[in-house]
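Shown next, in C-alpha cells, is the structure this report addresses.
The values are calculated or read from the model by the stated rules, or taken from the named source; none is laboratory data. The structure presented is a predicted model; accordingly, all values stated were derived computationally and were not measured. Here the Cβ is made from the backbone with ideal geometry for all residues, glycine too, and neighbour counts use every protein chain on show.
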2 protein chains.
Amino acid sequence: MSEVLTIQEAAETTGWSPRMLRYIERVGLVEAPRSGSGYRLYGAAELQRLRTLRELLHQHDIGLSDVGFAVRLRQEGVLRAAVDAWLDAEPVRPQGVSAADWLSWEQDKHQRLLAAAAPHPNVKETAPR
Amino acid sequence: MSEVLTIQEAAETTGWSPRMLRYIERVGLVEAPRSGSGYRLYGAAELQRLRTLRELLHQHDIGLSDVGFAVRLRQEGVLRAAVDAWLDAEPVRPQGVSAADWLSWEQDKHQRLLAAAAPHPNVKETAPR
DNA sequence: GCAACATTGACATCACCGTGCTAATGTCTG
DNA sequence: CAGACATTAGCACGGTGATGTCAATGTTGC
C-alpha cells in the first residue's frame with residue numbers, strides 16, 4: 001500500500017496538468033514532498049487535496065488566487081480583523097435574497113439623503129470649501 | 001450639516017478618482033444613492049467607507065477583488081463552508097513564524113512518505129497500473 | 001546506455017483587474 | 001443659454017493569474 005506517484009501520474013489521476021501541479025505548489029497550496037533527487041512525490045494526502053481543490057474551484061467558480069487570499073485571511077490575523085471590521089461597518093447589499101424588504105430601507109436611505117440635500121431633486125447645500 | 005457631495009468632490013476628498021468610484025460601485029462595494037436624475041450622492045457614510053477601504057487595500061496590499069471575495073465568503077454560506085473545510089484539512093505552511101518547530105514535523109511528513117516509498121531515495125514501488 | 005520522465009526557467013497567450021481618457025448625452029446653476 | 005459637471009459606453013494599456021510549450025539538464029529503470 002501507500003502509493004507514491006510521480007507528478008505525471010498525479011496529474012492524470014487528479015485532472016490537473018503537471019504544469020498546474022507545480023504552479024499550485026508555487027502559490028502555496030498543496031505542496032508535495034520531494035525525493036532525495038528533487039522529484040515531487042504525491043501521496044494519498046496530496047492527491048485528495050488536489051482533487052478537492054479542483055472541485056472547490058469549479059463548484060463555486062473561484063480561482064486559485066481566491067483560495068490564496070482565504071489562506072492569508074486565516075493566517076494574518078490583522079488582515080482578517082481589518083477586512084471583517086470594514087465589512088461589518090455597513091451591510092453590503094445582500095442581493096441574494098429577492099430584494100423586497102431590502103429595497104425598502106435602501107430606498108429610505110435614499111430619501112433621507114435626498115431630504116437632507118434639497119427640496120427639489122437638487123444637490124449640494126452648505127457648500128464644501 | 002449633512003453634506004452631500006457630487007462624485008467629483010467625493011473623489012477629491014477620498015483620494016479615489018471619479019472613474020474608480022464608479023468602478024467600486026460596479027463591483028458591489030460602496031454604492032452611493034442617486035439623485036432623482038441619476039447623479040450619485042456621497043454622504044458622510046459613503047465617504048468614510050471609501051476612505052477606510054482605501055486604507056484597507058494599501059495597508060495589506062490586497063485588491064478590490066479580494067475584498068469582493070471576502071464579501072462572497074460572508075454572504076454565501078456554502079462557499080464559506082467549502083473553503084473553510086478545505087483549509088481545515090491540512091495546515092498550509094504558516095511561513096510567517098520563523099519556521100523552527102514547524103520545519104520539524106514538516107520534515108517528518110517528508111520522512112514518513114520517503115520511508116514508505118523506497119529504501120534508497122528512490123521512487124515508485126507497488127507500481128500503479 | 002538509452003528512452004522515459006522530472007526539474008527549473010523562459011517565452012507566449014488569453015482573460016481579467018485597475019485605471020485613464022474620450023465620446024455622446026443629459027443636468028444644474030448663475 | 002452657456003459652461004461646468006454627471007451618466008453610460010467604449011477603447012486602451014500595463015500588470016498579474018492561469019496555462020501551455022519548449023529548452024537545457026538531471027534521474028530512473030531496464
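At-a-glance table
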item: Some residue of segment A:14-21 being away from DNA strand C (no atom under 14 Å from the Cβ) and of a type outside the set (A, V, I, L, M); result: yes
item: Residues being basic (Lys, Arg) and either at positive phi or within 16 Å of DNA strand C (Cβ to nearest atom) (or both) - total across segment A:50-89; result: 1
item: Residue tally, condition within 11 Å of DNA strand D (Cβ to nearest atom) and more than 8 Å from chain B (Cβ to nearest Cβ), over segment A:43-64; result: 5
item: Qualifying residue in segment A:32-42 (condition: surrounded by 21 or more Cβ atoms within 10 Å (Cβ to Cβ), more than 21 Å from the chain's Cα centre (by Cα), more than 14 Å from DNA strand D (Cβ to nearest atom) and at pLDDT 95 or above); result: yes
item: Test: residue in segment A:86-93 that is modelled with pLDDT of 95 or more and surrounded by 13 or more Cβ atoms within 10 Å (Cβ to Cβ); result: yes
item: Matching residues in segment B:13-27 - criterion: being within 19 Å of residue B:55 (Cβ to Cβ) and either at the interface with another protein chain (Cβ under 9 Å from one of its Cβ atoms) or surrounded by fewer than 15 Cβ atoms within 10 Å (Cβ to Cβ) (or both); result: B:13, B:15, B:17, B:23, B:27
item: Sole exception among (1) crowded, with 18+ Cβ neighbours inside 10 Å; (2) facing another protein chain (nearest Cβ under 7 Å); (3) out of contact with any Asp or Glu (no Cβ under 9 Å at 6 or more places or on another chain) for residue B:7, by number; result: (2)
